[in-house]
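Notes follow the structure.
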Amino acid sequence: MSGPGDEYAYATTRQTAAALAAGQVSSRELLDAALARIERLDGPVNAVVARDVDRARAQARAADDARARGEAAPGPLAGVPITIKDSFQTEGLVTTSGAPELAGFVPERDADPVARYKAAGAIVFAKTNLPIFAGDAQSYNEVYGTTANPYDIERTPGGSSGGSGAALAAGYTPLELGSDIGGSIRIPSHWSGVCGHKPSYGLVSARGQIPGMPGTLSQADIAVAGPMARDVDDLSMALDVLAGPDDWTAHAYRLELPTARHERISDFRVAVWLDEPSCPITAEYRSLLEGAAQALRDAGATVDETARPGFGFDKAVDTFFHLLSAAEAGTWSLAELDEMAASTEELHGELGIWHASMRHREWLSWHERRLQQRARWKEFFADWDVVLLPVTPTAAIRHDHSVPATKRTLDVDGVARPYFDIIKWMGLTGVSWLPATVVPVGMTAAGLPCGVQIAGPFLEDRTPLAVARHLQDALGGFRPPPGF
C-alpha cells in the first residue's frame, strides 16, 4: 500500500527540496515513505543496514515545524531524508565500515562530509553497505552480508559504495555520499545505473572516513569523498555543499571553483579513449560508449578518438598500483609489512597488498612519476576539455567472493581477464587526482546499466559535470530497475 511521499521515490534531490519548501510534502511523510519502501523492497537487495529511525523522525518533525514557522532553510538539503555509506562516521549511529571489530562502534562526531550534508539540512536516517574497510569492487562483509544489484540480484552493484548505488537505484534515497580511491564512486555508479562525481583530490575533506581507524586525522593519498545521485544537477549541488577547506585551513583559505569551460556543448573539445590492449572492454559496452561520443558529436562538439596525454596507459596504471598500495599500507600492521618485505614469493591478498611494503625512498620516485604525468595531463587539457573513458571492462558482474581476490577473473567477451582490470581505467585518472563524473549512457541487451567516465582538468570539476549533464539529457539518464 502506498502513502504520502511515495511519489517522490524517484524525484531528484532538488525536486524533493522544492516540494518541501512549497509545502507539497513534509519531511515526516518522505521519511516514512522511504522506510516503508525499504521494508517492502530491500530484503533481496540488502543495501540499507543500520537505521536511526527515532532520531530521524524527531529531526523530520523539527524540520517541518521550522518550515511552518517560516524559518529560513539551513541549506539546499533542508528536511531531505538521505542515507550515507557506512564507511563515514555518523554521530550516534553505528558505523562499521563492514569490519566485525567495529560492529558496535558508535561515533561521537560526524565525518566532515556527513557534517556538511547535515549543515545543509539533510536528515541522515540510515547507513548503506560496503565491503570490509571499503576494499573491494563488490559490497559484502561479515557484519551485514551481501548487497545485490537491483537490476539483477545475482550480480553486484559494485563497490565500495555499492550500498549507496543500490539504494539510489532502488529509490530509497535521492542522494548519497561515496568515497573513491580506486573507483569506489565510479564503479557502483556505472554498475547501478546512477550518477557519481569523484572530485579533484583535496577538494572535499574526507576526515572521519574508515579507514583509517576511528580517531585518525590523516587522509589517504588518491582517496576522495564525493556525491552520488540519480541526476547530474544533484551532483553539482551536492559538490557545492561538500567542497571547501577543512578546519585546518578554513581560517586562511576559501574555495572558488572555476565555471565550466564552455556554456554551449558545441564549444567543447572531447577526447575519447576506449581501447587499451592491457585492459580490453566488451564490444557491447564499447558500442554504448561510442554512442555517448556520437551524442556529443551530433551536438556540435569536437570529438577525437586519437588524442592522448604524453604517456601511455600502462605506465599510468603501474604508477597507480604502486601509489595505491602505499596509500593502503596503513591498513596493515608493521609485522605484516615486514613479512611482505622479506618474502620472495608472489603475494596474493587483498586490494593494495602488492607494493605496500615499499620504502619511502621508492614512494618518492613513484610520486615524482605521478607529478610528471600530472604535468602531461595539464598540457593535454590545454587542447582538450574532457576525456571520455570506460569505467570498468564490463557491465555489472556476478557475485564472486572467492579468495584470494587476486585469483578472481572477469569474463570479457569470453576471455578470462584479471579481476583487478576492474580498477585500471579508474587508476588512469585517479592517480593524477583528476575529477571524473560518471553518468548512465544506456543498457545492455541483458538489461544492465552502463555509464561513461568523463574526466577533466584538476580543480575544474564543473567541466566534466557540464558534459555529463548534456549526456544525461541526450541519452535519457537514470532508468529505474524493473519492479522498483
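The values are calculated or read from the model by the stated rules, or taken from the named source; none is laboratory data. If you're wondering where the values come from, they're calculated on a predicted model, not measured in any experiment. All Cβ positions, even for glycine, are placed from backbone atoms using ideal geometry, and neighbour counts span all protein chains on display.
Observations on the model:
- Residue identified as out of contact with any Asp or Glu (no Cβ under 8 Å at 6 or more places or on another chain), within 23 Å of Pro418 (Cα to Cα) and at pLDDT 85 or above among Leu347, Leu289: Leu289
- Residue match in the range 4-12 (condition: among the small types (Gly, Ala, Ser) and not in a loop (DSSP other than H, G, I, E, B)): no
- Single residue of Pro435, Pro440, Pro390 found to be surrounded by 24 or more Cβ atoms within 10 Å (Cβ to Cβ), under 25 Å from Leu296 (Cβ atoms), in contact with a strand residue (DSSP E or B) (Cβ under 6 Å, 6 or more places away or on another chain) and not hydrophobic (A, V, I, L, M, F, W, C): Pro440
- So Val53, is it within 17 Å of Leu93 (Cβ to Cβ) and of a type in the set (Val, Ile, Thr): yes
- A single entry from Ala137, Ala126, Ala56 fulfils the requirement of being surrounded by 20 or more Cβ atoms within 10 Å (Cβ to Cβ), closer than 22 Å to Ser26 by Cα, under 22 Å from the mean Cα position of the chain (by Cα) and small (Gly, Ala, Ser): Ala126.
- Considering the conditions (1) modelled with pLDDT of 95 or more; (2) at negative phi, Gly476 is excluded by exactly one of them, (2).
- Within the range 1-29, residues that are over 19 Å from Ala72 (Cβ atoms) reach partners that are at pLDDT 95 or above and of a type in the set (Phe, Trp, Tyr) with beta carbons closer than 7 Å, at six or more positions or on different chains, in the pairs Val25/Tyr8.
- Looking at Thr282, Thr302, Thr319, just one residue is within 27 Å of Val467 (Cα to Cα), in the same structural domain as Arg376 (by TED's automatic domain parsing), of a type in the set (Ser, Thr, Tyr) and in contact with a Lys or Arg (Cβ under 6 Å, 6 or more places away or on another chain), and that residue is Thr302.
- Some residue of the range 128-135 being modelled with pLDDT under 95 and part of a loop (DSSP other than H, G, I, E, B): yes
- The range 443-462 - residue that is aliphatic (A, V, I, L, M) and out of contact with any Lys or Arg (no Cβ under 8 Å at 6 or more places or on another chain) and, of those, surrounded by the fewest Cβ atoms within 10 Å (Cβ to Cβ): Ala445
- Just one residue in the set Gly310, Gly300 is at positive phi and either surrounded by fewer than 22 Cβ atoms within 10 Å (Cβ to Cβ) or touching a residue at least 24 places away in the same chain (Cβ under 8 Å) (or both); that residue is Gly300.
- Criterion applied to Ile222, Ile187 was being in a helix (DSSP H, G or I) and either in contact with a Phe, Trp or Tyr (Cβ under 9 Å, 6 or more places away or on another chain) or not assigned by TED's automatic domain parsing to the domain that holds Ala326 (or both), and the one residue passing it is Ile187.
- Checked against the criteria, Asp32 does not count as of a type in the set (Asp, Glu), without any contact (Cβ under 8 Å) to a residue 40 or more places away in the chain, touching a helix residue (DSSP H, G or I) at 6+ places or on another chain (Cβ under 7 Å) and surrounded by 14 or more Cβ atoms within 10 Å (Cβ to Cβ).
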